[in-house]
Each structure stands twice: as C-alpha cells, then as structure tokens.
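Student: Right, I'll just put the structure down here and ask away after.
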Amino acid sequence: MTKLLLTLHVLAAIVAVGPVTVAASMFPAAARRAGEEESAVGTLRLLHRICRLYSAVGAVVPAFGFATAAAMGVLGSGWLIASITLTAVAAGLLIAFVLPRQDEILGQLDGGQTVERSGTVRLAMFTGLFNLLWATVTVLMIVRPGSTTGA
C-alpha cells in the first residue's frame, strides 16, 4: 500500500504542481508583451486558467503525502514537518499573491490599461519564491534523512 500511495503522491505532484510552476513562471513575461502582441492576452488567459485549475487539483498532493507518511510511520520526522511547512507557505503565496496579481493584470488589460512593469516584477518575484519553495520541498522529499535509497 505504501508504494501505491507514494506513486500516487509523486504522480500528483508532477501532474498538478509542474504545470502551475511553469505557467506561473511564463505569466510575467507574457504580461509585459501584452501591450505589443494581441495574442499575448489570450496566452495570459490560458496561463492563468492553467494556474487556477492545476492549483485546485494540486490539493491532492498533500493528501497523498500525508497518507504516504502515515503508512511509512514518519509523520513526526523533521524533514517531513519542514516539507509540510514549506508546502503551506508555497500554497499561501500562490493563493494570496500569485493568482490575485494575475487576476489584477488581466483586469487591467480588459479595461484597456497598460500593464505596469512594477506589477509584473512583483508577480515574477512572488512566482520565483513559490517555485523556490517547491524546489526545496522536492529536494527534501528526495534527499531526506533516513532515506531508504542509501543516498
């Protein structure tokens, strides 16, 4: 059962979190081009839709993670607690800063306004922090203390 839960956890992370990190990373640059290229607004809408949809699907990643940790008996491990904390911070950044800023930029474009560079720079900063947190969680999941891989 542990192997099945771990497999589902890893697959869910790849399928759900991967698209969010890529789409969110592409959004600020596409927003800067929105004033120059008509197709950029359509691209922004698609990237934002990917971020919203896959972040909702991404809720299964921690669910499978908790189930896997319980099956492995490592719920109290420091590396897992650090991973849970970093995952919560990443989710908070996405919900509180990345998605609302994407909405704000799309609203500006819908209103015929130009997108201010400072807005895209802040969005890129929050997106970078979000991605850095996920990369850190991934490293903790691979190179954790007590790993059974012998690495």
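The values are calculated or read from the model by the stated rules, or taken from the named source; none is laboratory data. For clarity, every value in this text was computed on a predicted model and none was experimentally measured. In this analysis, Cβ positions are derived from the backbone assuming ideal geometry, glycine residues included, and neighbour counts consider all displayed protein chains. Surface accessibility is based on the protein's heavy atoms, side chains included, excluding ligands, DNA and RNA. Shrake-Rupley method; radii C 1.70, N 1.55, O 1.52, S 1.80 Å.
Student: All but one of (1) out of contact with any helix residue (DSSP H, G or I) (no Cβ under 7 Å at 6 or more places or on another chain); (2) farther than 30 Å from residue 64 by Cα; (3) modelled with pLDDT under 95 hold for residue 81; which doesn't?
Tutor: Among (1) out of contact with any helix residue (DSSP H, G or I) (no Cβ under 7 Å at 6 or more places or on another chain); (2) farther than 30 Å from residue 64 by Cα; (3) modelled with pLDDT under 95, residue 81 violates only (2).
Student: Would you mind stating whether residue 22 is open to solvent by 80 Å² or more (accessible area, probe 1.4 Å) and either of a type outside the set (Phe, Trp, Tyr) or part of a helix (DSSP H, G or I) (or both)?
Tutor: yes
Student: Which one is modelled with the highest pLDDT among residues in segment 25-37 that are open to solvent by 80 Å² or more (accessible area, probe 1.4 Å) and not in a loop (DSSP other than H, G, I, E, B)? I'd like the intermediate steps shown before the answer.
Tutor: Here is the first cut: in segment 25-37, the ones open to solvent by 80 Å² or more (accessible area, probe 1.4 Å) are 26, 32-33, 36.
Okay, now just the ones that are also not in a loop (DSSP other than H, G, I, E, B), so 26, 32-33.
Values: 26: 97, 32: 91, 33: 88.
For segment 25-37, the residue satisfying everything is 26.
Student: Could you tell me which of the residues 8, 94, 47 is touching a Phe, Trp or Tyr at 6+ places or on another chain (Cβ under 6 Å), in contact (Cβ under 8 Å) with a residue 24 or more places away in the chain and over 20 Å from residue 131 (Cα atoms)? Before you say what the answer is, go through the steps one by one.
Tutor: Details: 94 fails: over 20 Å from residue 131 (Cα atoms); 47 fails: over 20 Å from residue 131 (Cα atoms).
The match here is 8.
Student: Looking at segment 41-65, which of the residues that are of a type in the set (Gly, Ala, Ser) and surrounded by fewer than 16 Cβ atoms within 10 Å (Cβ to Cβ) is farthest from residue 7 (Cα to Cα)?
Tutor: Pass one, segment 41-65, residues of a type in the set (Gly, Ala, Ser): 42, 55-56, 58-59, 63, 65.
Narrowing the set further to residues that are surrounded by fewer than 16 Cβ atoms within 10 Å (Cβ to Cβ) leaves 42, 56, 59, 63.
Details: 42: 35, 56: 20, 59: 16, 63: 13 Å.
Looking at residues that are of a type in the set (Gly, Ala, Ser) and surrounded by fewer than 16 Cβ atoms within 10 Å (Cβ to Cβ), I get 42.
Student: Taking segment 89-114 as the region of interest, how many residues are among the small types (Gly, Ala, Ser), modelled with pLDDT of 95 or more and surrounded by fewer than 12 Cβ atoms within 10 Å (Cβ to Cβ)? Working first, answer last.
Tutor: We begin by selecting, within segment 89-114, every residue among the small types (Gly, Ala, Ser); these are 90-92, 96, 107, 111-112.
Among the residues that remain, those that are also modelled with pLDDT of 95 or more are: 90-92, 96.
When the remaining residues are screened for being surrounded by fewer than 12 Cβ atoms within 10 Å (Cβ to Cβ), the result is 96.
Of the residues in segment 89-114, 1 are among the small types (Gly, Ala, Ser), modelled with pLDDT of 95 or more and surrounded by fewer than 12 Cβ atoms within 10 Å (Cβ to Cβ).
Student: Considering 68, 85, which residue is open to solvent by 30 Å² or more (accessible area, probe 1.4 Å) and more than 13 Å from the chain's Cα centre (by Cα)? Let's see the steps before the verdict.
Tutor: Values: 68 fails: open to solvent by 30 Å² or more (accessible area, probe 1.4 Å).
Selected residue: 85, the only one of 68, 85 that is open to solvent by 30 Å² or more (accessible area, probe 1.4 Å) and more than 13 Å from the chain's Cα centre (by Cα).
Student: Of the residues 141, 125, which is within 22 Å of residue 19 (Cα to Cα) and open to solvent by 80 Å² or more (accessible area, probe 1.4 Å)? Reasoning before the result, please.
Tutor: Numbers: 141 fails: open to solvent by 80 Å² or more (accessible area, probe 1.4 Å).
From the options 141, 125, the qualifying one is 125.
Student: Here is a follow-up. Output the residue which, of all residues in segment 71-82 that are of a type outside the set (Gly, Ala, Ser) and surrounded by fewer than 18 Cβ atoms within 10 Å (Cβ to Cβ), is nearest to residue 138 (Cα to Cα). Steps first, answer last, please.
Tutor: We begin by selecting, within segment 71-82, every residue of a type outside the set (Gly, Ala, Ser); these are 72, 74-75, 79-81.
Of the ones still in play, those that are also surrounded by fewer than 18 Cβ atoms within 10 Å (Cβ to Cβ) are 72, 74-75, 79, 81.
Values: 72: 18, 74: 17, 75: 17, 79: 11, 81: 13 Å.
Going through the qualifying residues, I end up with 79.
Student: Taking segment 58-83 only, how many residues are touching a residue at least 12 places away in the same chain (Cβ under 8 Å) and either more than 23 Å from residue 23 (Cα to Cα) or polar (S, T, N, Q) (or both)?
Tutor: Residues meeting the conditions: 13.
Student: Taking residue 136, is it more than 19 Å from the chain's Cα centre (by Cα) and either touching a residue at least 24 places away in the same chain (Cβ under 8 Å) or open to solvent by 70 Å² or more (accessible area, probe 1.4 Å) (or both)?
Tutor: Values: more than 19 Å from the chain's Cα centre (by Cα): no; either touching a residue at least 24 places away in the same chain (Cβ under 8 Å) or open to solvent by 70 Å² or more (accessible area, probe 1.4 Å) (or both): yes.
It is false that residue 136 is more than 19 Å from the chain's Cα centre (by Cα) and either touching a residue at least 24 places away in the same chain (Cβ under 8 Å) or open to solvent by 70 Å² or more (accessible area, probe 1.4 Å) (or both).
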